[in-house]
1. State yes or no: is Ala255 within 16 Å of the ligand (Cβ to nearest atom) and either surrounded by 13 or more Cβ atoms within 10 Å (Cβ to Cβ) or in contact (Cβ under 8 Å) with a residue 12 or more places away in the chain (or both)?
2. Could you list all residues from region 255-286 that are touching a strand residue (DSSP E or B) at 6+ places or on another chain (Cβ under 7 Å) and not charged (D, E, K, R)?
3. Within region 147-158, is there a residue that is within 21 Å of the chain's Cα centre (by Cα) and closer than 24 Å to Pro2 by Cβ?
4. Could you please find all residues in region 123-145 being more than 10 Å from the ligand (Cβ to nearest atom) and either within 22 Å of the chain's Cα centre (by Cα) or over 26 Å from Glu200 (Cα atoms) (or both)?
5. Does Ser377 satisfy the condition of being modelled with pLDDT of 95 or more and more than 15 Å from Ser272 (Cβ to Cβ)?
6. Taking region 147-179 as the search range and keeping residues that are β-branched (Val, Ile, Thr) and within 13 Å of the ligand (Cβ to nearest atom), which one is surrounded by the fewest Cβ atoms within 10 Å (Cβ to Cβ)?
7. Can you tell me which residues in region 136-190 are within 26 Å of Arg349 (Cβ to Cβ), among the hydrophobic types (A, V, I, L, M, F, W, C) and free of Cβ contacts under 8 Å to residues at least 60 places away in the same chain?
8. Could you please find all residues in region 15-46 being surrounded by fewer than 19 Cβ atoms within 10 Å (Cβ to Cβ) and within 14 Å of the ligand (Cβ to nearest atom)?
Amino acid sequence: MPVQVTKICCIGAGYVGGPTCAVIALKCPHIQVTIVDLSQPRIDAWNSEDFELPIYEPGLVDVVKGCRGRNLFFSTDVDKGIKEADLIFVSVNTPTKKSGVGAGYAADLNYVELATRQIASVAESSKIVVEKSTVPCRTAESMRTILEANSKPGCRFDILSNPEFLAEGTAISDLFTPDRVLIGSLQTQEGKDACQSLAEVYSNWVPRERILTVGLWSSELSKLAANAMLAQRISSVNALSAICEATGANIDEVAGAVGFDSRVGPKFLKASVGFGGSCFQKDILNLVYLSESLHLPEVAAYWRQVVDLNEYQKRRFGKRIVDTMFNTITGKRIAVLGFAFKADTGDTRESAAITLIRDFLSERARINVYDPKVPESQIWLDLEEARPDIKLDAIQKQVSICQSAMEACADAEAIVIATEWKEFKEIDWEAVYANMKKPAFVFDGRLLLDAAALTKIGFKVTTIGRPSHI
Ligand code: NAD
């Protein structure tokens, strides 16, 4: 029989666990939701009186305001959260392994393993354990082995896979009206019952036909597949953008024409300096590793190319900037607008801005950075990590962090749009132009700005997927 879920615990209060379970709490006032994390500062921020939450997502503050203290709680007491819950989401980080077997490709499942061991050792009653983290295919099997080997008598664990498809920047609307909710379970009676229990939770606001129930391994693989195919679309359009730049074709026109085909569709066909974020690259590398482990080298090579093309696109854009500025940017001031990996998030993981600035540092350029949502401390942390060969105070001599786009652009010779923040469209470009050294260059890595209007003002504009100085 399916159990009626009344208490949920989510292990991991990050970009996924926080918003996902906050929305569950909002939509299901009859369910008590406790989100736990090892990080005291993160939990303090979730509990902060002024709602200075640890992550920025449009609409998130209102969701948390709607239910925190009512049926939504944040805590570092992981054991208590586990003990009380009848359903536990595991939403911990699964980064790419940095060393050892599979380094650079395989997912580091250490956090998943530790969370699973903790569930096994603490639980005093049966639980439904839900993989929310993105994991390699058949991870649920390893979790089951750990749980069964360490559980107390009388405790049984049913494992589900429920990967998260939200996109940062639109997380709340994605969670309110998801394209689909995917739940994978073993095809046993117990597995199907557990699946139904979780489906009941989502059905409080998600239409039944959008809740897909599949086998465990299909569900795990579907998440990797979805991210790989989305990233592949970006790499495909970016590969075409290079051809456009060399031929005089316009990538917007080409993508528009291709996307008009109903078999292709118009979404996710925007050329750019490359994709970033914590997921696309990591999940494709994970798929590459999985393919290699399964002795499918051609399949591995196919997916590897999606990541390689993305790296190429970032490098190519950086090189184009230097080439255009008379082949040297040494001593020149460059304003980098945007540091987050995309608009409407403060997340900087795998951001194109980091790659660009890393390379500008080698060229000994002077760099002004502005991002509306990324804290200054995060920018220094990322740059320090990107350039371990340079001391932070040396980086700080080359880089200034600015409080506005206007401040960043003052006296600059070039402006690089690294993130598609809407506010960059609304800058007073005439005033910016007046304050810049001439010739004044704009490099639009996000196809955000009106290139013709900027050219009319006097800027030398270079955008992705079009010949320079249009
Ligand atoms: P995150 O790093 O923001 O959050 C993970 C949190 O888990 C951290 O706060 C960490 O302190 C906590 N944690 C780790 N081990 C713990 C433990 N044993 N007990 C308690 N807390 C623990 O990561 P994220 O971006 O939320 O991603 C989580 C998972 O979701 C990953 O597998 C990721 O691939 C996947 N995912 C992410 C996104 C996204 O857009 N960020 C989207 C879909 C899926």
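The values are calculated or read from the model by the stated rules, or taken from the named source; none is laboratory data. Just so it is clear, the model here is predicted, and its values are computed rather than measured. Backbone-built Cβ (ideal geometry, glycine too); neighbour counts: all protein chains shown.
1. No.
2. Of everything in region 255-286, those that are touching a strand residue (DSSP E or B) at 6+ places or on another chain (Cβ under 7 Å) and not charged (D, E, K, R) turn out to be Leu285, Asn286.
3. no
4. Val130, Pro136, Cys137, Thr139, Ser142, Thr145
5. Taking the combined requirement at face value, the residue satisfies it.
6. Thr170
7. Met143, Ala167, Val181, Leu182, listed by residue number.
8. Leu38, Ser39, Gln40, Pro41, Asp44, Ala45
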